[in-house]
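Written out below as C-alpha cells is the structure these notes cover.
The values are calculated or read from the model by the stated rules, or taken from the named source; none is laboratory data. On a predicted model such as this, the values are computed, not experimentally measured, just so you know. Cβ coordinates were reconstructed from backbone atoms using ideal geometry, including for glycine residues, and neighbour counts include every protein chain displayed. Surface areas here come from the heavy atoms of the whole protein model, side chains and all, with no ligands, DNA or RNA. Shrake-Rupley method; radii C 1.70, N 1.55, O 1.52, S 1.80 Å.
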Amino acid sequence: MKIVLISGSTRGDSANTAVLATVRHILGSLPGEHESVLLPVGELPHYEAELERTDGSAAVRAAKELVTGADALFISTPSYNGEMPGALKNALDWLSRAQGDRPSPLTGKPAAVTSASPGARGGLDAQTGLIGVLARCGARVVEHEPVAVARAGTLAAEDGRYTDAGLVTRLESLTRALIAELAPAGDREEVLV
C-alpha cells in the first residue's frame, strides 16, 4: 500500500511535517506493507493554464505521477487565517486537473485530513476548507472525528516526530481509518481494531 504524505507547510521543521513523520512511524508499526512518500508542495510552480497546456513542469508531472500511483493521501495542514496555505491549495489545483482522457489524480482517491498549529485550535479551521476542496476534486475524504494538533510546539517529540501518547493514539486511529477505506468491505472492522 502506497500513501502519499502532503504537508501544507513548506518548512522542513514544521509541526505538520512532524505529524506526517509520526504517521510514517505509525504505518511502519502496523501489520502489512505500507510505503509512504512525501510530496513537497513547495516545489510546484504557481498554477497557470498556459503552463498546463504546454505540459511544461517536471515537478507537476512528477507530483501527478506520484499521486496517480498511490493508494491514498494523508494531508496535514496549518491554518493561515483560518484556511489552508496557498502552497497546499496550489498543489491541489494542479492535482485536480484531468490528464488527457484520464481523470485527475485525485478522483476517487481516499484522503485523511489533519492539522497542526502552535495555537489553541490546532489549525482546525483550515480542515473545513481543505475537506471541501478535496471533495470538489473528487477525492474520498475519510470520515473520522477531526484530529487537530493544538499547541504543537509543547508536545513531546523525538527525531522529528511526535511521541505524545494521546496524539499518537489519535493519529493511529485516523491512519487505521484511512487504511480501512482501502480494505475490502468485509475486512474493514479488522483494520480499525
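Total residues in region 1-51 satisfying the condition of being modelled with pLDDT under 95, within 18 Å of PRO110 (Cα to Cα) and of a type in the set (S, T, N, Q): the figure is 0. Residues of region 20-64 that are farther than 21 Å from SER76 by Cβ, aliphatic (A, V, I, L, M) and in contact with an Asp or Glu (Cβ under 9 Å, 6 or more places away or on another chain): VAL60 alone. For TYR47, the criteria (1) of a type in the set (Phe, Trp, Tyr); (2) open to solvent by 80 Å² or more (accessible area, probe 1.4 Å); (3) more than 21 Å from ALA150 (Cβ to Cβ) hold in every case but one, which is (2).
Scan region 2-18 and tell me whether some residue there is without any contact (Cβ under 8 Å) to a residue 60 or more places away in the chain and open to solvent by less than 30 Å² (accessible area, probe 1.4 Å). No, region 2-18 has no match at all.
Those helices (runs of 4 or more DSSP H) of region 82-193 in which at least 1 residues are at pLDDT 95 or above and open to solvent by less than 50 Å² (accessible area, probe 1.4 Å), considering only elements entirely within it, cover 86-95, 124-136, 165-182.
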